[in-house]
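One structure below.
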Amino acid sequence: MRETPLLLDTHAWLWTLDGTVGALTTPAIRIIERAAADGRLYVSDISFWEVVMLVSKGRLELASDPSIWLRRAVLAPGIQLLPLTRDVLIESARLAGTFHGDPADRMLIAQAQLIGASLLTCDKGIVAYAVRTPGVPVCDAR
């Protein structure tokens, strides 16, 4: 039986690519490795936007220009890109319950729901939202 797809939150993608030691738990790393090997590991287009925004705000430093870094990042083995669709944009505005206004987080949650994926994240706000909201599939990587 095939396991569900796994969508990486932006920080999890960054930490996976640069090998940030201790950022993700050992079980989370194993889940990512298994998903990559099975061809069910995804990164959303919104994560590309979020990386560039973090760099422009001085909250993230990359070894090269973001456009070059992102071109290289898509070549990482086992990762599939997930385009934003109009359905994701619409559903991100219709999330159940109460959730903060961060557009990237909202789109990642909507996208995970629409493709039947678990969102792997260390974001306390997303994890708390998933705990109190049925149907929000999250893999807590803390």
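Residue by residue, here is whether (1) exposed (fewer than 12 other Cβ atoms within 10 Å of the Cβ); (2) within 14 Å of the chain's Cα centre (by Cα); (3) not in a helix (DSSP H, G or I); (4) not aromatic (Phe, Trp, Tyr) holds:
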{"residue": "98", "(1), (2), (3), (4)": "yes, no, yes, yes"}
{"residue": "105", "(1), (2), (3), (4)": "no, yes, no, yes"}
{"residue": "110", "(1), (2), (3), (4)": "no, yes, no, yes"}
{"residue": "113", "(1), (2), (3), (4)": "no, yes, no, yes"}
{"residue": "127", "(1), (2), (3), (4)": "no, yes, no, yes"}
{"residue": "135", "(1), (2), (3), (4)": "yes, no, yes, yes"}
{"residue": "139", "(1), (2), (3), (4)": "no, yes, yes, yes"}
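Based on what the data block shows, is residue 91 over 23 Å from residue 142 (Cα atoms) and surrounded by 13 or more Cβ atoms within 10 Å (Cβ to Cβ)? So residue 91 fits the description; yes. In the range 6-33, what residues are open to solvent by 30 Å² or more (accessible area, probe 1.4 Å) and either touching a strand residue (DSSP E or B) at 6+ places or on another chain (Cβ under 8 Å) or farther than 18 Å from residue 75 by Cα (or both)? Listed by number, the residues that qualify are 11, 16, 20, 21, 22, 25, 26, 27, 29, 30, 31. When 119, 81 are checked against the criterion of being surrounded by fewer than 21 Cβ atoms within 10 Å (Cβ to Cβ) and part of a strand (DSSP E or B), 81 stands alone in meeting it. Checking each residue in the range 34-54 for being within 13 Å of residue 73 (Cβ to Cβ), assigned to a helix (DSSP H, G or I) and of a type outside the set (D, E, K, R) picks out 47, 48, 51, 52.
The values are calculated or read from the model by the stated rules, or taken from the named source; none is laboratory data. Owing to the predicted nature of the structure, the values given are computational and were not obtained by experimental measurement. Don't worry about glycine lacking a Cβ; one is built from the backbone with ideal geometry, like all the others, and counts go over all protein chains shown. Ligands, DNA and RNA are excluded from the accessible area calculation, which covers all protein heavy atoms including side chains. Shrake-Rupley method; radii C 1.70, N 1.55, O 1.52, S 1.80 Å.
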